[in-house]
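Each remark here refers to the structure printed beneath this line.
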Amino acid sequence: MKKVDRRTLLQGAASVALAAGVGLPLKSARAAEFRLRWGFNLAESHPITARAREAAERVLSETKGRVEINVFPNNQLGGDTDMLSQLRAGGLDLFLNSGINVLSTIVPSASIYGLGFIFPDYDAVWKAMDGELGDALRTNIGKANLVPMAKMWDNGFRNITTSTKQINTPADLKGVKIRVPVGALWTSMFQAFGAAPTAINYSELYSALQTKIVDGQENSLANIFTANLFEVQKYCALTGHMWDAFFCVANKRNWEALPQDLRDIIATAINDAAMAERKDMAVLATSLRGDLTKKGLIFNEPDVGAFRDALRTAGFYKEWRTKYGEELWTTLERTTGKLT
C-alpha cells in the first residue's frame with residue numbers, strides 16, 4: 001500500500017503520533033529499568049498499531065523512562081500461534097489477540113462473543129463486553145496464567161469477500177473455499193453454511209488468496225483495507241456475521257514482576273488507548289466502504305436474517321450452547337436475547 005493510503009487511514013481515524021521505526025525501542029534519556037515486548041498481527045497502518053505506539057510513548061513518559069514498551073505489529077515476531085507460545089513462555093510480555101482466534105485454543109470460552117449474528121450493533125457489543133459477559137471471560141483468561149487488561153480493542157464487524165462470486169444467501173457459500181482464522185468457532189460456522197473453511201494464520205492470508213489456495217475470506221473492512229486484500233478479492237458481502245475484538249493479555253509471571261505503581265500506569269495507558277481505538281474504528285466504519293469501492297471492491301448487502309436462520313436450523317447455536325455451558329450461555333443471552 002502506498003504511504004498516502006496509510007496516512008489517509010490514520011488521519012481518518014485520529015491524529016496519532018507514531019514512533020519512528022518498526023518495532024524499535026522508544027528513546028528515553030536513560031536506560032529503561034524494564035523493557036517489555038508487545039506483539040500482534042495487524043498492519044503498521046492499522047489504528048490499533050497507532051494507538052499501541054501511543055500507549056507505549058505514554059508509559060515511557062509517565063514512568064519517567066523506567067518502562068520501555070517495544071511494539072511489534074504485522075507479525076514481526078511470527079504468526080498468532082507463534083506469539084501465543086512466546087507469551088506463555090515469557091518471551092513476549094504483551095499480546096493482542098482475538099478471543100475467537102488462537103487465544104481460544106487455551107481459553108475456549110473466550111470465543112463466545114464471536115458467535116454468528118448475535119450482536120446487531122455496537123451498543124449491544126459494549127454492553128456485553130464492558131459488562132457481565134466481558135468480566136466472565138476475563139476471569140477465565142486469568143485462570144490460564146494470563147492477565148487480561150480491562151478494555152478490549154475493536155477489530156470490527158466481519159464481512160465476507162470472495163474472488164469468484166457474490167454471496168447473497170447462505171446457499172451461495174456452499175462449497176466455497178474460505179480462509180478462516182485458527183479457531184474452532186469459525187470452522188464450525190462456515191461448515192454449517194456448507195462452505196469449505198481452511199484455517200490459516202493472518203500472516204499467510206494474502207498469499208493464500210493470491211495463489212488461490214482459498215477463494216475467499218472474512219474480515220473487518222479495516223483489515224481488508226490495511227492488508228491490501230482488495231488486490232486479490234473482487235466481491236464483499238456486508239454480512240457483519242461476527243463482531244471481533246482483541247484482548248490485550250500479559251504473561252502473568254512477567255506482569256507480577258513489575259512494581260504495582262508501574263503496572264497501574266501501564267494498564268491505564270493500554271486501556272485508554274483501547275477506548276481511543278474504538279472511536280477510530282467507528283470513524284472508519286463509515287468511510288471505508290467508499291475507499292474500498294474506489295479500489296475496485298464490489299459490495300452487496302445480503303439479508304442477514306436468512307444467515308442466522310440457517311445457523312439455527314443447522315443446530316449451530318445448540319451445539320455451542322453445550323460447549324460453553326449453561327452458566328456462560330445464560331450470561332450471553334441476558335444481552336443478546338434467546339438464541340436457541
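The values are calculated or read from the model by the stated rules, or taken from the named source; none is laboratory data. As the structure is a computational prediction, the values presented were derived from the model and not from experiment. Heads up, the Cβs are rebuilt from the backbone with ideal geometry, glycines too, and the neighbour counts pull from every protein chain shown. Surface areas here come from the heavy atoms of the whole protein model, side chains and all, with no ligands, DNA or RNA. Shrake-Rupley method; radii C 1.70, N 1.55, O 1.52, S 1.80 Å.
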Requested in this report: Look through the stretch 63-88, keep the residues that are part of a loop (DSSP other than H, G, I, E, B) and touching a helix residue (DSSP H, G or I) at 6+ places or on another chain (Cβ under 9 Å), and return whichever of them is nearest to Ala267 (Cα to Cα).
Outcome: Thr63
Query raised in the report: Looking at Leu60, Leu26, Leu36, which is the one that is of a type outside the set (Phe, Trp, Tyr), at pLDDT below 50 and closer than 19 Å to Ile266 by Cβ?
Result: Leu26
Query raised in the report: Does any residue of the stretch 301-315 turn out to be under 19 Å from Asn228 (Cα atoms), charged (D, E, K, R) and touching a residue at least 24 places away in the same chain (Cβ under 8 Å)?
Result: no
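Okay, residues lined up against (1) over 22 Å from Asn101 (Cα atoms); (2) open to solvent by less than 30 Å² (accessible area, probe 1.4 Å):
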{"residue": "Ile266", "(1), (2)": "yes, yes"}
{"residue": "Ala273", "(1), (2)": "no, yes"}
{"residue": "Asp280", "(1), (2)": "yes, yes"}
{"residue": "Val283", "(1), (2)": "yes, no"}
{"residue": "Leu297", "(1), (2)": "yes, yes"}
{"residue": "Asn300", "(1), (2)": "yes, yes"}
Query raised in the report: Could you count how many residues in the stretch 311-339 are farther than 19 Å from Met189 by Cα, loosely packed, with under 15 Cβ neighbours inside 10 Å and at pLDDT below 95?
Result: 2
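Quick one: would you say Ser104 is outside any loop (DSSP other than H, G, I, E, B), at pLDDT 95 or above, open to solvent by 10 Å² or more (accessible area, probe 1.4 Å) and not aromatic (Phe, Trp, Tyr)?
no
Going by the structure shown, is Ala110 in contact with a Gly (Cβ under 6 Å, 6 or more places away or on another chain) and either over 25 Å from Gly240 (Cβ atoms) or crowded, with 22+ Cβ neighbours inside 10 Å (or both)? First the steps, then the outcome.
On the way: in contact with a Gly (Cβ under 6 Å, 6 or more places away or on another chain): yes; either over 25 Å from Gly240 (Cβ atoms) or crowded, with 22+ Cβ neighbours inside 10 Å (or both): yes.
Judged against the criteria, Ala110 is a match.
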**Report entry** Qualifying positions in the stretch 114-139 - surrounded by fewer than 17 Cβ atoms within 10 Å (Cβ to Cβ) and either of a type in the set (S, T, N, Q) or outside any helix (DSSP H, G or I) (or both)
**Finding:** Pro120, Asp121, Asp130, Gly131, Thr139
Report summary line: (1) within 27 Å of Ala306 (Cα to Cα); (2) at pLDDT below 95; (3) open to solvent by less than 20 Å² (accessible area, probe 1.4 Å) all hold for Arg179 apart from (2)
Query raised in the report: When Ile48 is evaluated against the numbered criteria (1) free of Cβ contacts under 8 Å to residues at least 24 places away in the same chain; (2) in a helix (DSSP H, G or I), which criterion, by number, is the only one it fails?
Result: (1)
